[in-house]
Every structure is written in structure tokens, then in C-alpha cells.
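For reference, the structure discussed in these notes is given below.
Nothing in this text is a laboratory measurement; each read-out follows from the coordinates by a stated rule. If you're wondering where the values come from, they're calculated on a predicted model, not measured in any experiment. Neighbour counts run over all protein chains shown; Cβ positions are idealised from the backbone, glycine included.
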Amino acid sequence: MTVPQELPQRWQDFHDLPYRPEVSVFPDRAPRVSGEDRVDADAALVCPRCKYSMRGIVARYCPECGFILEYEPVTVFAAASVSLIWTARFVLNGVQISNMVVMGGCDPFTSLLGTESMPHVMVPMKFYHEAVEVLDGVFGGRCFPLGKEPLRPLPGQDWICPACKEANPGTFEVCWHCCQVRPTDGGAAGTPERGPE
């Protein structure tokens, strides 16, 4: 079976836009998660041409205007922190989902999250639901304006102990100062593991 080249060529064309977005292109494939699998997916998913709601619709085209949607870029992740943007891109590269990083302001495409001025990551619409599932699993969300952090600490990311407020390197699972276990959900830390005093 030959791999259709529509996605690689369509996404390679984005690289030639005047503001040169950073683009990762992988061979086309069937998405591992579809809109049928995620009936609770964003109500904001709309056709980029006519703004018709695509919630629960798994067709290759918009039923309202007939626009072919599969390879149209849609925003799936936005953050004020550029390091979060690059981390999200590397996560998507790891599961071989083509993606494009747009550094805000000059986005000529539709943004689902209403965050056109923040840096954001876009994927082909056919991979939207799969990307949502992957990114939600890693970050605990997909929109991080200034001051908002992911709900889950990222692997290798430095963290602050909630008990003693000391900074810890990302490789530490226990606070160096008070032996508090690193929280896994960004909430309250686990029980301190102290030896006899």
C-alpha cells in the first residue's frame, strides 16, 4: 500500500510561508483516535471556512460548505512559555503527528483556543483528537497563558517543593531539603519520607 502524499506536501508548503513556521512532517496515516472516540471533544472545533461546528463529525469534509478538512491546520496547544511550546512539539513528534509551531501574532489560520497572539502548535485536523488525548495526558491541559503552569510536572522540569518551597532539579523525585515526595499532579505532595531524627 502506498502512503498518500497529500499531508506531507500540504505541510511542506507551510514551511515556505513568509514567516517560516517550524514544521514537522511525518508520513500520512490513519489517526489512532477519532472524533467518534471522543464525543466529549472541544465544542469549539469548527470548519475554518464557514465556522460550522464539527463536534462529533468525522467526515473528511465540512457537511455545511463541502470544504476538505483532513489536512487543514488547527490549533491544539497554546502557551505563553516558548519552552512549553517546544515540549509539546517534541511530544507530538514522538507519536509522529505532523505539526507546526506558530510564534503568535502572524497566524493566518483559524485558532481554536482564541489564543492567536500566544505561540501555538497546530496539527492537521484529522489528527486533532489524537493530539488532544496525547497532550492532555502529558500536560493536563492545552492552554497556558502567562502565569498558568501545566497540572503535571514535565519530565526533567525543575520543581518547587510544596512543603518547604525549595527548588529541586527535574531529576529529583524527592525534595533534597525536606525529603517530601515530588507531587505528580501539581497538587498536594505525598507523605514525607523522613528517616529517624
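Overview of values
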quantity	calculated
Placed amide H near C143: partners under 5 Å, 5+ positions off or other chain	A78
Set of lysines near K126 by C-alpha distance (under 26 Å), chain-local residues within fewer than 8 positions excluded	K51
Förster-model FRET efficiency, 35 Å R0, I68 and E149, C-beta, rounded to 0.05	0.40
Gained length - V33 relative to V174, 0.36 nm times residue gap less alpha-carbon distance	47.2 nm
Lysines with Cα under 24 Å of K148, excluding same-chain neighbours fewer than 8 positions away	K165
Packing-based order for 97-103, 71-77, using average beta carbon neighbours within 10 Å, highest first	71-77, 97-103
Projected label distance in nm at C50 and E166, using a 7 Å step from Cα toward the beta-carbon	6.2
